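First comes the structure, then the notes that go with it.
The values are calculated or read from the model by the stated rules, or taken from the named source; none is laboratory data. Fair warning: this is a prediction, and the values are worked out from it, not measured in the lab. Glycine also receives a Cβ, built like all others from the backbone with ideal geometry; neighbour counts cover every protein chain displayed.
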Ligand code: PMP
């Protein structure tokens with residue numbers, strides 16, 4: 001591994017200047033910008049293999065970004081690459097149904113039993129947006145309740161108090177969203193049932209759904225407190241509202257299945273009591289190609305066209321390349337021991353980072369769930385969005401830059417998680433911990 005300062009990134013810098021001339025902000029997703037970590041050129045990547053990617057100047061990085069989640073097998077996994085090539089050879093799009101879609105729907109339903117019916121779309125944003133439409137169609141109500149700091153994609157309704165990229169850039173309530181639409185969203189703090197009850201008491205009659213990341217991935221990794229999901233589901237049901245789980249990050253992240261059946265939820269979780277009505281999926285299920293999916297109870301999904309009056313469509317939806325990549329990815333994740341290994345490496349990384357920070361007197365809270373973790377520069381626990389905001393942004397920016405110099409790529413935001421892949425090794429983790437210790441030494 002490279003040690004000490006890395007080589008020049010002059011090609012990234014000149015490409016960034018060029019990109020700025022043609023692409024708004026130089027990036028095709030704002031979370032890729034370095035605005036929150038001191039500005040300047042983001043690193044332009046050229047290729048990836050396994051746990052590493054190489055930039056345009058030839059520098060190698062250990063990748064903890066994993067493309068914001070999908071790349072759980074690492075870059076260019078041979079089974080995924082082969083599946084995509086095979087699909088491409090037979091034509092990339094027909095505009096007709098295919099057998100592959102049935103196979104994949106079967107796989108998803110087997111892993112996430114709350115989904116009687118599935119529909120494929122092209123992104124997490126689309127999946128979430130449609131679950132809201134379906135919930136409104138089913139209940140005849142308009143409002144939704146969401147939790148502060150949870151990010152659910154960039155559709156109008158859910159860009160209110162959104163974590164992730166919007167919070168990083170200081171625009172959790174996006175411009176361009178009519179006040180009339182913002183009025184249809186009620187935001188309450190995560191892990192706070194009293195606030196949810198209060199919101200339901202006030203607006204309940206018009207609440208179509210309560211939407212939540214059952215385990216949060218967008219203001220760091222945050223576990224629901226014991227009883228939170230049970231209480232949320234019970235309160236929604238008493239009120240005649242649906243429960244929507246946004247599992248775009250969490251599905252297939254911690255085990256072969258979704259958060260709603262994950263045995264790492266707080267001890268004593270009543271799984272029957274936390275089953276959602278609708279689930280939104282994305283990221284990992286596409287193996288690195290564009291995808292989203294949503295599904296849920298038969299009678300609710302029957303609202304969707306052509307069966308029902310709620311319209312949702314897609315020229316690219318269910319395309320053979322994305323579906324093939326998704327099938328290959330999930331097949332690889334079925335190998336025995338995959339998640340136990342992610343958990344073990346995650347534990348080593350967590351322990352190493354915590355010890356290194358302690359040694360240099362840096363206040364650091366690490367939240368970890370299996371192979372996903374978040375680093376918060378603070379001395380308090382992080383269980384909600386307010387606590388995640390109340391952390392040292394300057395320190396995070398410094399840490400991010402020092403780690404980049406060490407050849408380690410994190411997301412350029414204090415709210416984003418680190419994601420391990422099946423390609424990371426113990427040596428990668430050990431090097432990362434050493435690098436972090438050097439970074440902390442420069443910061444104290
Ligand atoms: N929901 C969650 C929980 C997410 O983390 C994201 C993306 N980070 C989305 C929805 C939106 O997905 P996409 O970027 O594929 O539209």
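General remarks:
- Residues that are more than 24 Å from the chain's Cα centre (by Cα) and in a strand (DSSP E or B) are absent from the stretch 267-290 altogether.
Conditions (1) away from the ligand (no atom under 15 Å from the Cβ); (2) surrounded by fewer than 16 Cβ atoms within 10 Å (Cβ to Cβ); (3) more than 24 Å from residue 65 (Cβ to Cβ), marked per residue:
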residue: 265; (1), (2), (3): yes, no, yes
residue: 274; (1), (2), (3): yes, no, yes
residue: 281; (1), (2), (3): no, no, no
residue: 309; (1), (2), (3): yes, yes, yes
residue: 322; (1), (2), (3): no, no, no
residue: 339; (1), (2), (3): yes, no, no
residue: 357; (1), (2), (3): yes, no, no
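- Count - residues of the stretch 411-427 that are assigned to a loop (DSSP other than H, G, I, E, B) and within 22 Å of residue 386 (Cα to Cα): 7
- Qualifying residue in the stretch 36-50 (condition: modelled with pLDDT of 95 or more, loosely packed, with under 15 Cβ neighbours inside 10 Å and within 16 Å of the ligand (Cβ to nearest atom)): no
- Flag: residue 76 matches the condition of being free of Cβ contacts under 8 Å to residues at least 60 places away in the same chain, within 23 Å of residue 282 (Cβ to Cβ) and out of contact with any helix residue (DSSP H, G or I) (no Cβ under 6 Å at 6 or more places or on another chain).
- Unmet requirement for residue 180, which otherwise passes all of (1) touching a helix residue (DSSP H, G or I) at 6+ places or on another chain (Cβ under 8 Å); (2) surrounded by fewer than 22 Cβ atoms within 10 Å (Cβ to Cβ): (1)
- Failed condition for residue 366, given (1) in a helix (DSSP H, G or I); (2) surrounded by 18 or more Cβ atoms within 10 Å (Cβ to Cβ): (1)
- The selection criterion, being closer than 25 Å to residue 305 by Cβ, in a helix (DSSP H, G or I), away from the ligand (no atom under 13 Å from the Cβ) and over 16 Å from the mean Cα position of the chain (by Cα), holds for residue 135.
- Selection status of residue 97, within 16 Å of the ligand (Cβ to nearest atom) and in a loop (DSSP other than H, G, I, E, B): no
A quick yes/no check of all residues on (1) touching a strand residue (DSSP E or B) at 6+ places or on another chain (Cβ under 8 Å); (2) under 27 Å from residue 286 (Cα atoms):
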{"site": "319", "(1), (2)": "no, yes"}
{"site": "329", "(1), (2)": "no, yes"}
{"site": "333", "(1), (2)": "no, yes"}
{"site": "350", "(1), (2)": "yes, no"}
{"site": "359", "(1), (2)": "no, no"}
{"site": "373", "(1), (2)": "yes, yes"}
{"site": "379", "(1), (2)": "yes, no"}
{"site": "391", "(1), (2)": "yes, no"}
{"site": "395", "(1), (2)": "no, no"}
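- Selected residue (only one of 23, 84 is under 25 Å from the mean Cα position of the chain (by Cα) and in the same structural domain as residue 247 (by TED's automatic domain parsing)): 84
- Answer from 174, 167 - the residue that is free of Cβ contacts under 8 Å to residues at least 60 places away in the same chain and not assigned by TED's automatic domain parsing to the domain that holds residue 386: 174
- Filtered residue count, the stretch 109-132, keeping only those that are outside any loop (DSSP other than H, G, I, E, B) and within 14 Å of the ligand (Cβ to nearest atom): 11
- Output for the stretch 215-247, where each listed residue is buried (at least 24 other Cβ atoms within 10 Å of the Cβ) and either out of contact with any strand residue (DSSP E or B) (no Cβ under 7 Å at 6 or more places or on another chain) or within 16 Å of residue 382 (Cα to Cα) (or both): 215, 216, 217, 218, 219, 220, 221, 222, 229
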